[in-house]
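As structure tokens, the structure follows; a few thoughts come after it.
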Number of protein chains: 2
Amino acid sequence: MKAKITITLKNGVLDPQGKAIEGALAGLGFDGVSEVRQGKVIELELSETNQTVGRAILEEMCEKLLANPVMESYSIEVMG
Amino acid sequence: MKAKITITLKNGVLDPQGKAIEGALAGLGFDGVSEVRQGKVIELELSETNQTVGRAILEEMCEKLLANPVMESYSIEVMG
């Protein structure tokens with residue numbers, strides 16, 4: 001199965017990369033841009049074919065390695 | 001409007017970060033993981049309310065700053 005994991009900073013956690021992008025966009029003349037947040041997206045192929053088992057494995061991967069559960073939240077999308 | 005821009009490396013472009021994640025997952029005992037690719041996701045709030053105009057602005061942002069069109073492809077999702 002193919003899966004897509006999106007990892008974003010939790011609300012309230014400062015996002016300096018997002019702020020830098022916001023500033024750069026303003027510098028290029030893009031007005032009206034606010035609340036820029038940058039996150040990560042990880043796409044992978046998993047040999048597991050059972051959706052429920054696969055999702056559980058992906059959640060474990062996020063908790064153990066991919067995301068920092070203190071500062072980041074993640075969402076898992078299984079693409080079949 | 002709220003928008004989400006996903007930026008991923010084009011197929012064929014080497015992704016060392018993805019490879020590192022793949023190796024780390026294998027080291028933690030997660031078997032059967034392959035084709036790991038890491039990308040970026042940028043969420044932002046745009047004051048523009050017209051969907052068509054907003055999407056055009058977002059595309060211009062991607063071309064000029066957010067993505068490297070040589071190596072990266074992007075997808076824009078307007079969340080209303």
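Listed values, structure above:
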| item | result |
| --- | --- |
| Inter-part distance where the stretch B:1-59 and the stretch A:4-80 are each reduced to a Cα centre, Å | 8 |
| Count of Lys pairs (Cα-Cα under 25 Å; at least 8 positions apart or interchain) in the stretch A:2-78 | 9 |
| Under-5 Å amide H pairs with residue A:36, H placed in peptide plane, nonlocal only | B:45 |
| Overall dimensions of the protein assembly as shown by Cα: Rg and Dmax, Å | 16.6, 49 |
| Label-reachable residues, the stretch B:16-43, where backbone N falls under 20 Å from a point 7 Å from residue A:63's Cα toward its Cβ | B:24-33 |
| Residue-averaged 222 nm ellipticity for chain B, from DSSP H runs of 4+ at -39500 (n - 2.57), nearest 500 | -9000 deg cm²/dmol |
| Debye intensity ratio in log₁₀ form over the Cα atoms of chain A, taken at each q of 0.25 Å⁻¹ | -1.09 |
| Trypsin sites (Lys or Arg not before Pro) lying in DSSP loop within the stretch B:3-66, provided at most 13 other Cβ fall within 10 Å | B:10 |
| Accessible area of the protein assembly as shown belonging to carbon and sulfur atoms, whole % at 1.4 Å probe | 52 |
| 0 to 90° range, to nearest 10: angle between helix B:16-27 axis and chain B longest Cα axis | 40 |
| For the axis carrying chain A to chain B: nearest C-beta residue of A, whole Å | A:41, 2 |
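The values are calculated or read from the model by the stated rules, or taken from the named source; none is laboratory data. The model shown is predicted, which means the values in this text are computed figures rather than measured ones. Counting neighbours? That spans all protein chains shown, and the Cβs are built from the backbone with ideal geometry, glycine included. Remember, those area values only see protein heavy atoms, side chains included, never the ligands or the DNA or RNA. Shrake-Rupley method; radii C 1.70, N 1.55, O 1.52, S 1.80 Å.
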